[in-house]
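K.L.:
Please read through the structure below; I'll follow up with questions.
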Ligand SMILES: Nc1ncnc2c1ncn2[C@@H]1O[C@H](COP(=O)(O)OP(=O)(O)OP(=O)(O)O)[C@@H](O)[C@H]1O
Ligand SMILES: [Mg+2]
């Protein structure tokens, strides 16, 4: 499943998206609702200043006392006490609004981060169980963007935008209420104009979606570029690829620029257009307002209150516009995030998977065909049976399919056709974990995690005793190296610490495999990076490791190959010869013999 191809087909299915995000919001629902409840008065208090302008103008400036009747009781407030109390009330409401605003931001940020973390953790949980082929097909940049940046966009924004939408709506509503209170005739005109001003937002929704998707792809490419510049730094410098990397980077940055500007070109006229529509509104309001005052249908204070509300209305309306456009981006990101949740690994355990407890009889490849890419067969009709405690050496041309063959056993990939059986039961009927737990594997390119040497070796068997650990270190010929390190076995490796040589890395990987001590051992060029002396020592240890084990060894060393019970020659995906060293050597014009004459004979001359 190539991630570039999933471009948020669901981003307009708002209900579906909200349903999907709901489980992540649910645990914090009480706080979310509290935050929303607080958002209401925060917005509503926007109307306070405008509201007080009317009594202030009409009574204080006009020096009239306010007389009003409630339930047949008549109250009177003098204009001078109004002059004192109105400014005080304005300040008081501002303080209340400030406190509520703080409470609201705190709640919003708290909940959005919690929700985002929930989404990220859930996504990462899925990522670690993705098929090996998923990681073959997708670049690191795309994966980082999709699994880290998108969840941020999707969930950090959602609560914030909903909160803003709520605050702005209530702000707008309270201001509109003040407008209605001042003059319903003018208010109708004002609101009608506002509605027209919102039409453009709806129009550019689609454009926002496509821009956001393109940005995701570009962002991924940029991250990949950084990763390659980092990981491939030496190759880049050695082959003078700095220009190439720079050009690639510049190209992506410019693509991003063009992409964003194409949205700005369309979205940029929205705000001026809204302004224009609004100015028509204001012109009409001014003219009609003057008419209402001169005909005595409205007080000057009412008009001041109305115009102030209308002007103040601009802010919440603008925020609301931005929020609605912002929500589009969020929904697109959400669409992409929930697509990731729906990608199912193809390699799964069957419902009643059998637990594998170790080999009893044999492992059998039956008519195994395998292709990484459709119609491009890498393994062709392999038939092979390995008995318990047998050592099978695999040799053949580079790119012939040796690594691929052994990678099928821990089910990194499933056979395309044919089958692999263990003790007569299909590999797919076992639980993947139980199979993998019973395999000690040393890869062709060994990866060590950042952490200490001890931690890396113990990954083979987390509950190993100190003695087992020391044995593994000894067998892998690591003692000397560890003794020379200032922090010994506690030395940090990887990004945060020491960088090991290829051979040292290989030996740590061998120690990791040794400590696991499983009944099936897979060694893919396990000693290829060692010098003759280390190799001789490590080889001896490997000989110990593979005693009484079922072993697949892809080797370049004649002694290993000769000592194997049988040798399989895999050339261009086909099993061309199978037998002991002597048997294969006796085939006239045989492929093993040719390989021997070309490669191994020299070694024999050197080593023996
Ligand atoms: N992840 C992958 N996706 C697509 N093709 C792959 C992948 N890994 C290997 N191949 C292809 O499959 C073929 C067999 O590769 P494999 O690594 O099994 O060869 P090999 O016999 O181990 O070679 P070597 O001796 O060089 O390690 C090669 O043509 C290779 O290009
Ligand atoms: Mg290989």
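The values are calculated or read from the model by the stated rules, or taken from the named source; none is laboratory data. None of the values given here were measured: they were computed from a predicted structure. Neighbour counts are summed over all protein chains in view; Cβ atoms, including those assigned to glycine, are modelled from backbone coordinates with ideal geometry.
K.L.:
State which residue is nearest to residue 491 (Cα to Cα) when the search covers only segment 418-458 and only residues that are within 27 Å of the chain's Cα centre (by Cα) and loosely packed, with under 15 Cβ neighbours inside 10 Å.
P.N.:
This residue is 450.
K.L.:
Also: With the requirement that a residue be away from ligand 2 (no atom under 16 Å from the Cβ) and surrounded by fewer than 18 Cβ atoms within 10 Å (Cβ to Cβ), what does segment 378-400 give you?
P.N.:
380, 381, 383, 385, 387, 388, 389, 390
K.L.:
Something else: Among 335, 296, which is in the same structural domain as residue 191 (by TED's automatic domain parsing), at positive phi and either over 30 Å from the mean Cα position of the chain (by Cα) or in a helix (DSSP H, G or I) (or both)?
P.N.:
Working: 335 fails: at positive phi.
Result: 296 is the single residue among 335, 296 that is in the same structural domain as residue 191 (by TED's automatic domain parsing), at positive phi and either over 30 Å from the mean Cα position of the chain (by Cα) or in a helix (DSSP H, G or I) (or both).
K.L.:
Let me ask something else. In the set 445, 426, 414, 463, which member is within 16 Å of ligand 1 (Cβ to nearest atom) and free of Cβ contacts under 8 Å to residues at least 24 places away in the same chain?
P.N.:
445
K.L.:
Checking residue 230 against (1) exposed (fewer than 15 other Cβ atoms within 10 Å of the Cβ); (2) modelled with pLDDT of 80 or more; (3) closer than 30 Å to residue 310 by Cα, which test does it fail?
P.N.:
Residue 230 satisfies all of (1) exposed (fewer than 15 other Cβ atoms within 10 Å of the Cβ); (2) modelled with pLDDT of 80 or more; (3) closer than 30 Å to residue 310 by Cα except (3).
K.L.:
A follow-up question, please. Report the residue count in segment 510-525 for those that are within 16 Å of ligand 1 (Cβ to nearest atom) and either touching a helix residue (DSSP H, G or I) at 6+ places or on another chain (Cβ under 6 Å) or farther than 19 Å from residue 393 by Cα (or both).
P.N.:
Of the residues in segment 510-525, 2 are within 16 Å of ligand 1 (Cβ to nearest atom) and either touching a helix residue (DSSP H, G or I) at 6+ places or on another chain (Cβ under 6 Å) or farther than 19 Å from residue 393 by Cα (or both).
K.L.:
Restricting attention to segment 526-560, report how many residues are at pLDDT 85 or above, within 16 Å of ligand 1 (Cβ to nearest atom) and surrounded by fewer than 22 Cβ atoms within 10 Å (Cβ to Cβ). Break it down into steps so the answer makes sense when it comes.
P.N.:
So in segment 526-560, the residues at pLDDT 85 or above come out as 548-554.
When the remaining residues are screened for being within 16 Å of ligand 1 (Cβ to nearest atom), the result is 552-554.
Applying the additional criterion that residues be surrounded by fewer than 22 Cβ atoms within 10 Å (Cβ to Cβ) yields none.
Final tally of qualifying residues: 0.
K.L.:
Inspect all residues belonging to segment 401-408 and state whether any of them is free of Cβ contacts under 8 Å to residues at least 60 places away in the same chain, touching a helix residue (DSSP H, G or I) at 6+ places or on another chain (Cβ under 9 Å) and within 16 Å of ligand 2 (Cβ to nearest atom).
P.N.:
Among the residues of segment 401-408, at least one is free of Cβ contacts under 8 Å to residues at least 60 places away in the same chain, touching a helix residue (DSSP H, G or I) at 6+ places or on another chain (Cβ under 9 Å) and within 16 Å of ligand 2 (Cβ to nearest atom), which makes the answer yes.
K.L.:
Mind listing just one residue for me: the one in segment 400-411 that is part of a loop (DSSP other than H, G, I, E, B) and near ligand 1 (Cβ under 8 Å from one of its atoms) and, of those, farthest from the chain's Cα centre (by Cα)?
P.N.:
Residue satisfying both the conditions and the ranking: 400.
K.L.:
Among (1) in contact with a strand residue (DSSP E or B) (Cβ under 7 Å, 6 or more places away or on another chain); (2) farther than 17 Å from residue 407 by Cα; (3) buried (at least 21 other Cβ atoms within 10 Å of the Cβ); (4) modelled with pLDDT of 85 or more, there is one condition residue 507 misses while meeting the rest; what is its number?
P.N.:
(1)
K.L.:
Report those strands (runs of 3 or more DSSP E) wholly inside segment 548-594 carrying at least 3 residues which are in contact with a helix residue (DSSP H, G or I) (Cβ under 9 Å, 6 or more places away or on another chain) and over 21 Å from residue 444 (Cα atoms). Before you say what the answer is, go through the steps one by one.
P.N.:
On the way: elements: 550-554, 566-571, 574-579.
Ranges flagged: 574-579.
K.L.:
From the residues in segment 370-392 that are in a strand (DSSP E or B) and more than 13 Å from ligand 1 (Cβ to nearest atom), which one is nearest to the chain's Cα centre (by Cα)? Outline the logic, then answer.
P.N.:
If we filter segment 370-392 for residues that are in a strand (DSSP E or B), which is where we start, we get 370-373, 376-387, 391-392.
Still in the list and also more than 13 Å from ligand 1 (Cβ to nearest atom): 381, 383-387, 391-392.
Numbers: 381: 38, 383: 40, 384: 41, 385: 42, 386: 41, 387: 43, 391: 42, 392: 41 Å.
For segment 370-392, the residue satisfying everything is 381.
K.L.:
Of the conditions (1) part of a loop (DSSP other than H, G, I, E, B); (2) more than 8 Å from ligand 1 (Cβ to nearest atom), residue 397 clears all except one; give me its number.
P.N.:
So residue 397 meets the others, but not (2).
K.L.:
Pairs, please: C-beta under 6 Å, at least 6 apart or cross-chain, first residue at negative phi and in segment 203-231, second not in a helix (DSSP H, G or I)?
P.N.:
The qualifying pairs are 209/11; 213/7; 213/8; 224/139.
K.L.:
Just checking, does segment 197-216 include any residue being under 13 Å from the mean Cα position of the chain (by Cα) and at pLDDT below 85?
P.N.:
Pass one, segment 197-216, residues under 13 Å from the mean Cα position of the chain (by Cα): 216.
Retained after the next criterion (residues that are at pLDDT below 85): 216.
So far as segment 197-216 goes, yes, one or more of its residues are under 13 Å from the mean Cα position of the chain (by Cα) and at pLDDT below 85.
K.L.:
Condition first: under 18 Å from residue 550 (Cα atoms), part of a loop (DSSP other than H, G, I, E, B) and within 16 Å of ligand 2 (Cβ to nearest atom). Now tell me which residues in segment 414-448 satisfy that.
P.N.:
443
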